[in-house]
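The values are calculated or read from the model by the stated rules, or taken from the named source; none is laboratory data. The shown structure was predicted, so the numbers you read here are calculated from the model rather than taken from an experiment. Counting neighbours? That spans all protein chains shown, and the Cβs are built from the backbone with ideal geometry, glycine included.
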């Protein structure tokens, strides 16, 4: 029988069948948790070879740098995504901050959508600005506006695959053409759709950032983040990375990220987190398909209710992004939807009556969660910044879990009835 090439295997098979770098001494079929800081070597020459990268198969020296449990998760994500390099970090925000610390410099700028997660907006607007990095917010639906914002000091273009909570989708393949012509890397936060539903390389993404806290953690068991380098960008003329070493195994970006930035920042993923999320990877496709199908049905259900002003889900005919969503995403576009009621007060009344759906801020837990974004995750921003970010005060965000849809519908209906 002929063995299939790894990329010919189906998604879940690739993830589950990914081998360890070295055989486990006891023959474990799940990577054990290597909960230790340091690793012993047989002699001085061996530890020298490890620290100077002279080994054919790299050894682990210190868990802040690499760890077998973390490496196993990185290999699963490489198998799932087709990325050339993967770096696991402590959170989704660690993934974003480490990425931009690798790319930006004083006097440089980032071209980005203002419709992004609140802490990402804050990182750009306040944290990086203090170090002399400018953010240029653009309408990602307007290709001319993106092109005109780019200059010789543009470090990167950034957006979210589907914006949270606006549910907008940028035309990534068309934007990629503009960026490649101007030698600007495309960085996209794809947390909302996992790799079984979105092919980042095909869409023109160079660097992908993901909060693995979401779908991958298998029910909000742990916090984590991933940085994926697809090896598609030519860094030879990049102002920050042109002088950085490049190897057969790593691009200039991955080399600087792994050998300098991530080590100096120290946002390493915990080995136990890596173990939990490796298990989450194995059931990722099953959970995503179930949750996103329920989300689509709930979006249709809410659209038919007279008390609901507007529903956001990019597969709905009412979404102006449906054509791009259908083009870029396989299956249903995720387990997050939004809906608006007549007022902020109605939102609060509705939420307070829910009995099954939980009031909590995470996404893609096994439990269905709801939040009022304007008063919570965007609550500390000024009215002016909320307007720039497009945050409305009568909008709610629903993250759909694994409960039976009939129970979720009944919970929503009884809460809506209280508005009358």
*For the range 353-404, name all the residues that are assigned to a helix (DSSP H, G or I) and in contact (Cβ under 8 Å) with a residue 60 or more places away in the chain.*
353, 373, 385, 388, 389
_Residues that are in contact with a strand residue (DSSP E or B) (Cβ under 6 Å, 6 or more places away or on another chain), in the same structural domain as residue 92 (by TED's automatic domain parsing), surrounded by fewer than 24 Cβ atoms within 10 Å (Cβ to Cβ) and over 30 Å from residue 239 (Cα atoms): does the range 205-218 have at least one?_
no
*Out of the residues in the range 294-317 that are touching a strand residue (DSSP E or B) at 6+ places or on another chain (Cβ under 7 Å) and outside any loop (DSSP other than H, G, I, E, B), state the one that is nearest to residue 416 (Cα to Cα).*
302
*Kindly establish whether residue 342 is loosely packed, with under 15 Cβ neighbours inside 10 Å, at pLDDT 95 or above, over 19 Å from the mean Cα position of the chain (by Cα) and assigned to a loop (DSSP other than H, G, I, E, B).*
yes
*Just wondering, is there one or more residues in the range 210-218 that are more than 20 Å from residue 14 (Cβ to Cβ), more than 21 Å from the chain's Cα centre (by Cα) and in contact (Cβ under 8 Å) with a residue 40 or more places away in the chain?*
no
*asked:* Could you tell me how many of the residues in the range 168-193 are in contact with a helix residue (DSSP H, G or I) (Cβ under 9 Å, 6 or more places away or on another chain) and on the phi > 0 side of the Ramachandran plot?
replied: 0
*Considering only the range 152-175, state which residues are touching a strand residue (DSSP E or B) at 6+ places or on another chain (Cβ under 8 Å) and over 14 Å from residue 190 (Cβ atoms).*
153, 154, 155, 156, 157, 165, 166, 167, 175
*Across the range 172-190, which residue is nearest to the chain's Cα centre (by Cα) among those that are under 16 Å from residue 87 (Cβ atoms) and outside any strand (DSSP E or B)?*
190
*Run residue 419 past the list (1) in a loop (DSSP other than H, G, I, E, B); (2) under 27 Å from the mean Cα position of the chain (by Cα); (3) surrounded by 14 or more Cβ atoms within 10 Å (Cβ to Cβ) and report the number of the one that doesn't hold.*
(2)
*Scanning the range 67-80 for residues that are over 10 Å from residue 274 (Cα atoms) and either at pLDDT below 95 or in contact with a strand residue (DSSP E or B) (Cβ under 6 Å, 6 or more places away or on another chain) (or both), which turns out surrounded by the most Cβ atoms within 10 Å (Cβ to Cβ)?*
77
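Out of curiosity, is residue 300 within 28 Å of residue 410 (Cβ to Cβ) and either assigned by TED's automatic domain parsing to the domain that holds residue 76 or surrounded by fewer than 19 Cβ atoms within 10 Å (Cβ to Cβ) (or both)?
Yes.
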